Each structure stands twice: as structure tokens, then as C-alpha cells.
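Asker: Questions regarding the structure given below will be posed in turn.
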There are 2 protein chains.
Amino acid sequence: MSGQAAKENLIRLAHGAGGLESQQLLQELILKIFSNPVLNALDDSARLETPPGPLAFTTDSYVVDPIFFPGGDIGRLAACGTLNDLVMQGARPRYLSLGLILEEGLPLADLEKILNSLAAVLREEDVLLATGDTKVVGRGQANRIFINTSGLGDCLPGVDVRAANARPGDALLLTGTLGDHGIAVLSQREGLRLQSPLTSDVACLWGLLGPLLQALPTLHCLRDPTRGGLAAAVCDIAQASRVGIRLREKELPVKPEVLGACNLLGLDPLAVANEGKAVVVCPPGDAPRALEMLRAHPLGRESRRIGEIVAGPAGQVVLETRLGGERLLELPAGENLPRIC
Amino acid sequence: MSGQAAKENLIRLAHGAGGLESQQLLQELILKIFSNPVLNALDDSARLETPPGPLAFTTDSYVVDPIFFPGGDIGRLAACGTLNDLVMQGARPRYLSLGLILEEGLPLADLEKILNSLAAVLREEDVLLATGDTKVVGRGQANRIFINTSGLGDCLPGVDVRAANARPGDALLLTGTLGDHGIAVLSQREGLRLQSPLTSDVACLWGLLGPLLQALPTLHCLRDPTRGGLAAAVCDIAQASRVGIRLREKELPVKPEVLGACNLLGLDPLAVANEGKAVVVCPPGDAPRALEMLRAHPLGRESRRIGEIVAGPAGQVVLETRLGGERLLELPAGENLPRIC
């Protein structure tokens, strides 16, 4: 390939300037991948016909480094992460926005691969890309690509699964192994050689949790243990609901390669990010049926009951250790694992 | 100030890690500035009660450099820019999301100033910040601060002002001078000394255009001439509506200091960004009343009729020059003015 041809396959500042090259990028790449009647109108805003009833609205920016990692990439992450935030509100995902910040020199082939990953999730989940924006910054002024997605979903009627709804006596369920996403990204970034290949768990949880919410609208809380891991998710629930939580360490599923990497790096697997897992709080009577339903879905096969909600001390999470001791689980502090999402 | 104290006043990676420091930033800065019942729930998604009828949904990322400029900053821009995209769909702005990407080392005082600017616009326009997210990347991996905002608004009933709605015979109005924002940002960035101080026109246009849309729901198109300037906005309308457009150069208001800077830099003022102006296309009979209403508002005092929609050639914009000639106005190409929004 000649130098000129190679240059033509890279993102240039003009792709973000709002003129001819912006229009070409939109027509020749973005609309080819995401074409749908709402997006194709190309007005300053999308016009959405939404059903009556409350809407869920959320936003997240993605700065993961590296942008391609075992089991996914920043595009798949930017779709699943935001859709999952809707699901955690008991909402069916409907529309996504896409804000791209591209570094000059990003290969167009990388962008295409990332957008195709994102689009594959939207197709699978029947979600429309409604609106978007592309900015380009000079070399060294961003890190290849940052993505913001905002999501809109329809709240399921009669469902209220906010973090503030846990009650003493409730069962605490977890839908699978801990730390896979964080360690998969970190091992790629740091060039760690794990005992066996580990992939990120990044996945949209509507397929797993939508039917559960419809069958058991009495569930009390849903939360996905992303940044800050399980520790941050359960601390949030304990604080928001003003309850205590007891977790049994021996029930917490962690893959041996994740545990090994955590030991090597001095990380607590309970504080490492997941991108395809959920914490479910439900009345104890709902737990058997919930576990049965979760385990019947490919994303929930390893679901299990990991603890209980107790009256107090309010806001405190106690971990019953494997050795029979107890330790207080706190909101993780410090940098821990930067840029895993 | 000791080195330690100085360090405590800067953004650190831990502020984006989802643990204790993230919570502190949220509680001690963000919620203090934006506190409202929707945001304060702090769940993974906001839950919105929306009225029946179509919603407008839009997103934009802001990467302006410098982040403080005469007449505004990236915070004011990130509020006004996105709210204006809703207004251009004929929608009343209601909710905003806020996605922050911060560079390690950003002074907390700068962040506070930017968020206060953004919050001031929301208060003025009666818009709620519904949801947000903060990521932090290492030094040199972003340029101080990038902001994404997505907006939701209620489409006014009976209003349809898409770019595709212009019809031959319609009048083309412009609400004020061209190029103020782009040249204000550029002059700050390049250290240009202008004849007189120039400030960005960045402003939310709901106050100017909301009453107009309610009084004259028969308006045909609204578009704000941001990136790519007036040239991109009118080319968009001509292409989307498959009509021709004739503009009269002598009617285009450009401040002498903007014209001077453009001449110096080899820029076309018609291709320079505005952040507080609108192009209005309306039936010719509505033009006098529309101009009267626009001129009665502080943001529209210099409104004027700048041209007409004609049958063809479809997609073409012709500029009738001051000297009596004609030139074809094309979608701007190339980098022109990077990072002005």
C-alpha cells in the first residue's frame, strides 16, 4: 500500500469537522452499519414514539484500554454496559445514542470493527441506534477511541428494583463468576500469561433478566457489579436500603485463573469489574424459582445464593470467610484497576 | 499550599474507579451542584415520567480547546449545544445526561467552574440533569476534559421542522451574526489580538424559538449553524428537502472583527461555527411576523431574511455575491476549524 493510500485509511481531523468528510464517514460507514428509519432521518435530534409509562435513561462513557481484549472490544462493551444499566432499572432497552471521540490516525478498519461489534449487540437485543455524534481530536489528545452511549428503555410495569429496596430476610443471588472482565482486560494490557485463556464476560443481560422480571415482578433489587466489583455493588445496596448484608465467601464463584491473577497482582476479586453478571435481591420465597430460571439461561448457569440481607448494622457488609472468620467489606478505594471499562 | 494539599485539589485516577473516591466526587461536588429528585436516586438509570407524545433524543460530545474561552466554557457549550439540538427538532428540552471524561491532574476548581456553568444553563431553562458518569484517564491520554451530553425533550404537538420540510417559495431567516463562536475560540487558542473583544454567542435558543414555534407552528425547518457554519446548515436543508436555496451575501451579518480574523486566517465566515444562532425556513406569509417576534428577543435582535427556497437545482445553494455575481456554496471540506465544539 502506498503512503497516500495508507493515510486514506486513517481517521483525519476533517472527519470531525462537520463538512464533507464528516458526511462521507456518516454515509459510507456509520449508516451502512446502523441504518434504521429513526437514525436515517439525520436531523439534529431523533424523534421517538414511546409508549406511555415511565422511561429509564442512562449514560456511560467507555475508555477501556486496550480497545480490543479477549472476549470483546470497546464497541461491545459500550453497547452492553449501557443496556445493562437500563435492565438494572427493570427496563426493556429500546434506543441507544452513540458519541464517538476519535484520535486522529485511528485506522478506519478498527473503527469499523468496533462499530460492527456494537451493532451486533443492538441487533441481538432489538435496540435501535437513534442518534449519534463524531468528534476527532489530534494525535496524543485522546487514546485511540472513547465512546459514550446513552440508553432509553421502557420500565416494566409493577417492577421496582432500585438499590434502595432490599429488606431484611431477603436472599442475595449472584448470576456467575467474579472478576472475568477486569482480569481479561488487565491480562491483555499487562501481557500476563494466565494458566488458561480467560475471556471477558461482557454481555447484555436482558435475555437473562427480562423473563425473570416478568415472572417474578416482586424482585427487590438488581445491580450489575461493574466498576468496583461485587464489593461496590453490595455496599451500594446496603447503604441505599439502610440494611446489613452478609456474604458467604465459600459461595462466591471465582475462576482459578482469575484468583491466580488477583493473587499475583494483589487485587481482591470482589473488587474487580464484571460486565455480564448481576446481583439479585429477592424475598426468600422467590429465591428457588429465581435460581432455577437463572440457571436455565446460558448467561446464568453458575447462579447461586451468596448471602442474605439482615437488619443491621445498616450500611455494613460482612463477609463470612472460608476459614470461619468475618471481615467487613468496604467500598473499594484507590485506583485498583483503571480503564477496565 | 504544600505539595500534598495541591495534589488533593487535582483529579486522580481513583476518582473514576467506581469506589470511595468516585463516591466522594459525586457527593461532594456533582450532587451539590446538580441536586434534584431524579438524579439523587443514584440508580444505574434514571426513571423519568414523560408525557404522552413523541420524544426528541440527541447526543453530542464536546472537545473544545481551550476549555475556557471568551463568552463561555466547555460546560456552557455542552449544555447549550445539546439543548439546541432538541429545540431544532421543535422540542422543549426536559432532561440532560452528563458523561465526563477527565484527564488525571485536572484542577478540581476547573471542574467545579465548568459544572457550575453547565448547571446555570439547566436552571435557566428548567431542565433536569437526570443521569451521569465520570471516567478518568491518565495524563496525556485525553485533553483536560471531554464532555458528552445527551438530551431528551417533548416534541411540540403539530410542529414538524425537520430539514426535509423546506418548500419552494419559503423564506430563509437567520437570527444573528455569523462566526462569533468559532472566531472567539480560535482567537483565544491562537492568541490572536482582535480589533475589539469578541465573545462566543453560545446560548440556549429555547427562549428565542419556543414562543415562535408556539405562535407559528407552520414553520418549515429549524437548523442551528454549528460545525460547518451556515454553509453546512443550508446545504443540509437543500439536500434533505431536494430544493434549491438562494442566499444574498449582502444580507449576511458578520461582525467586522470576525470578518477581519477570517481574512487573516483564510477562513470563510459562512463555514465558521455558531452556537447561539438558528436558520428558520417558513412560508413567505409567516416571515414578517416571525422576524418581528425574533427581533423582540435579546438573542434575535439582528434577525433578518437572508434568502429564499427555490425549486432547483435540487440540493444546490447559490450565493448572490455583493458584487452582483453568483457562486455555488458547497459543504465545507477539510479541517477548517478543529475543536471549536
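Asker: Can you compute the helix-only [θ] at 222 nm over the protein assembly as shown? Use -39500 (n - 2.57) per DSSP H run of at least 4 residues, normalise by all residues, nearest 500 deg cm²/dmol. Could you put the intermediate results ahead of the total?
Answerer: Numbers: 22 runs with 210 residues, N = 682.
Here the helix-only value at 222 nm equals -9000 deg cm²/dmol.
Asker: Related question: Of the accessible area of the range A:88-204, with the probe set at 1.4 angstrom, what percent is carbon plus sulfur?
Answerer: 42 percent
Asker: Work out the mean other chain Cβ neighbour count within 10 Å for the residues of A:145-158 and drop it here as an integer.
Answerer: Counting Cβ atoms of other protein chains within 10 Å of each residue's Cβ and averaging gives 4.
Asker: State to the nearest 20 debye the size of the charge dipole of the protein assembly as shown about its Cα centre, where the only charges are +1 on K and R beta carbons and -1 on D and E beta carbons.
Answerer: Approximately 0 debye in magnitude.
Asker: Which ³J(HN,Hα) values, rounded to whole Hz and listed in residue order, are derived for the range A:312-324 from phi using the Karplus coefficients 6.51, -1.76 and 1.60 in 6.51 cos²θ - 1.76 cosθ + 1.60 with θ = phi - 60°, glycine and proline given as x?
Answerer: x, x, 4, x, 9, 10, 10, 9, 7, 6, 3, 7, x
Asker: Now for a different question. Based on the Cβ-Cβ distance of B:Arg304 and B:Ser196, what FRET efficiency does E = 1/(1 + (r/R0)^6) give at R0 = 22 Å, to the nearest 0.05?
Answerer: Calculated value: 0.50.
Asker: Calculate, for B:His297 and A:Asp160, the FRET efficiency according to 1/(1 + (r/R0)^6) with r their C-beta to C-beta distance and R0 30 Å; round to the nearest 0.05.
Answerer: Computed FRET efficiency for B:His297 and A:Asp160: 0.10.
Asker: Just checking the output field for B:80-90: average partner chain Cβ neighbours within 10 Å of each residue's Cβ? Mind dumping the intermediate values first?
Answerer: Values: counts 0, 2, 3, 0, 2, 6, 2, 2, 3, 6, 3.
Rounded to a whole number, the mean comes out at 3.
Asker: How big is the Cα convex hull of the range B:201-336 in projection, averaged over all directions, in nm²?
Answerer: Working: hull surface 34.1 nm².
About 8.5 nm², averaged over all directions.
Asker: Quote the charge dipole size of the range A:109-177 about the Cα centre in Debye, to the nearest 20; the model charges only the Cβ of Lys and Arg (+1) and of Asp and Glu (-1).
Answerer: That gives a dipole near 380 debye.
Asker: Which FRET efficiency, nearest 0.05, do B:Leu26 and B:Arg248 yield, Cβ-Cβ r, R0 51 Å?
Answerer: With R0 = 51 Å, the Cβ-Cβ based efficiency is 0.45.
Asker: Here's a follow-up. Ignoring GluC sites (Glu not before Pro) that are buried or in helix or strand per DSSP, and keeping those with at most 15 other beta carbon atoms within 10 Å, what is the longest stretch of chain A between them?
Answerer: A:50-301
Asker: Counting only protein heavy atoms and rolling a 1.4 Å probe, how much accessible area do A and B lose on contact, total for both sides, in Å² to 100?
Answerer: By this definition, chains A and B bury close to 6000 Å².
Asker: Given springs between every Cα pair under 10 Å in a Gaussian network model of chain A, which of A:Leu20, A:Leu77, A:Leu152 has the largest fluctuation?
Answerer: Of the options given, A:Leu20 has the highest mean-square fluctuation.
Asker: Further, regarding this structure: For the charge dipole of chain B, defined by +1 on Lys and Arg C-beta atoms and -1 on Asp and Glu C-beta atoms about the Cα centroid, which residue among B:Ser22, B:Gln188, B:Thr321 has the Cα displaced farthest towards the positive pole?
Answerer: So the residue we want is B:Thr321.
Asker: Looking at chain B, what % of its DSSP beta bridges pair antiparallel, to the nearest 5?
Answerer: 75 percent
Asker: When all alpha-carbon pairs of the range B:1-80 are counted, what percent fall beyond 21 Å?
Answerer: Details: 1785 of 3160 pairs.
Cα-Cα pairs of the range B:1-80 separated by over 21 Å account for 56 percent.
Asker: With the dipole of the range B:31-123 worked out from charges on the C-beta (+1 for Lys and Arg, -1 for Asp and Glu) around the Cα centre, which of B:Cys80, B:Phe68, B:Ile101 lies farthest toward the positive end?
Answerer: Of B:Cys80, B:Phe68, B:Ile101, it is B:Cys80.
Asker: Using a 1.4 Å probe on protein heavy atoms, which residues of the range A:124-143 have at least 30 Å² less accessible area in the complex than alone?
Answerer: A:Thr131, A:Asp133, A:Lys135, A:Val137, A:Gln141
Asker: Restricting things to alpha carbons, tell me how big the range A:3-155 is in terms of Rg and Dmax, in Å.
Answerer: Cα radius of gyration and Dmax of the range A:3-155 are 15.5, 56 Å respectively.
Asker: At q = 0.07, 0.08, 0.14 Å⁻¹, what base-10 log of I(q)/I(0) does the Debye formula yield for chain B when every alpha carbon is treated as an equal point scatterer in vacuo?
Answerer: Rounded to two decimals, the profile gives -0.31, -0.41, -1.12.
Asker: Separate question: Let's see if you can work this out: charge +1 on each Lys and Arg Cβ, -1 on each Asp and Glu Cβ, no other charges. What is the dipole magnitude of chain B about its Cα centre, in debye to the nearest 20?
Answerer: Values: 32 positive and 39 negative charges, 113 e Å.
Computed about the Cα centre, the dipole is about 540 debye.
Asker: Where both partners of a DSSP beta bridge lie in the protein assembly as shown, what percent of those bridges are antiparallel, to the nearest 5?
Answerer: That works out to approximately 75 percent antiparallel.
Asker: Here's a follow-up. Short version: ³J(HN,Hα) in whole Hz for each residue of the range B:28-34, in order, from phi by Karplus 6.51 cos²θ - 1.76 cosθ + 1.60 (θ = phi - 60°), x for Gly and Pro, what are they?
Answerer: 8, 10, 5, 5, 5, 7, 10
Asker: Provide the net charge surrounding B:Arg47, with neighbours chosen by a C-beta distance below 10 Å and charges set as Lys +1, Arg +1, Asp -1, Glu -1.
Answerer: Residues close to B:Arg47 contribute a combined charge of -2.
Asker: Moving on. Write down the accessible area per residue of the range B:163-329 in Å², having rolled a 1.4 Å probe over the full set of protein chains. Don't skip to the answer; put the middle values down first.
Answerer: On the way: 6410 Å² over 167 residues.
Dividing the accessible area of the range B:163-329 by its residue count gives 38 Å².
Asker: Which one of A:Arg301, A:Arg76, A:Arg92 has the biggest mean-square fluctuation once chain A is modelled by GNM with Cα springs under 10 Å?
Answerer: Fluctuation is largest for A:Arg301.
Asker: Okay, moving on. Which distances, in nm and shortest first, link the B:Phe68 label point to the same label point in every other copy, taking 7 Å along Cα→Cβ?
Answerer: List, nearest first: 4.2 nm.
Asker: Given the range A:129-168, what whole percent of its Cα pairs are spread farther than 12 Å? Mind showing how you got there, number by number?
Answerer: Numbers: 586 of 780 pairs.
Summing the P(r) tail past 12 Å for the range A:129-168 gives 75 percent.
Asker: Another question, then. Out of the range A:105-188, which trypsin sites (Lys or Arg not before Pro) are coil in DSSP terms and have no more than 11 other C-beta atoms within 10 Å?
Answerer: A:Arg139
Asker: Something else: What Kirkwood radius, in Å to one decimal, follows from the Cα pairs of the protein assembly as shown?
Answerer: Details: mean 1/r = 0.0385 Å⁻¹.
Kirkwood hydrodynamic radius for the protein assembly as shown: 26.0 Å.
Asker: Also, I was wondering about something else. Subtract the Cα-Cα distance of B:Asn116 and B:Arg322 from 0.36 nm times their separation in residues, and report this length gain in nm to one decimal.
Answerer: Full-extension gain reported as 69.8 nm.
Asker: Can you give me the relative contact order of chain A as a percent, contacts being Cα pairs under 8 Å and 6 or more apart?
Answerer: 22 percent
Asker: Between the chain alone and the structure with every protein chain in place, find the residues of the range A:56-79 that drop at least 40 Å² of accessible area; heavy atoms, 1.4 Å probe.
Answerer: At a threshold of 40 Å² (probe 1.4 Å), the residues of the range A:56-79 that become less exposed are A:Phe57, A:Thr59, A:Ser61, A:Val63.
Asker: Let me ask you something else. Normalised by the number of residues in the range B:163-329, what is the relative contact order in percent for Cα pairs under 8 Å and 6+ residues apart?
Answerer: Across the range B:163-329, relative contact order equals 42 percent.
Asker: Turning to a different aspect of this structure: Given a 10 angstrom Cα cut-off, can you work out which residue in A:Asp170, A:Asp43, A:Asp268 is the most mobile in a GNM of chain A?
Answerer: The residue that fluctuates most here is A:Asp43.
Asker: Let me ask you something else. Let me have the relative contact order for the range A:3-155, percent, based on Cα pairs under 8 Å that are six or more residues apart.
Answerer: Normalised by residue count, the contact order of the range A:3-155 is 38 percent.
The values are calculated or read from the model by the stated rules, or taken from the named source; none is laboratory data. In this text, all values refer to a predicted model and were calculated from it rather than measured experimentally. Please note: Cβ atoms are built from the backbone with ideal geometry, for glycine as well, and neighbour counts cover all protein chains shown. In case anyone asks, the SASA skips ligands and DNA or RNA and just uses the protein heavy atoms, side chains included. Shrake-Rupley method; radii C 1.70, N 1.55, O 1.52, S 1.80 Å.
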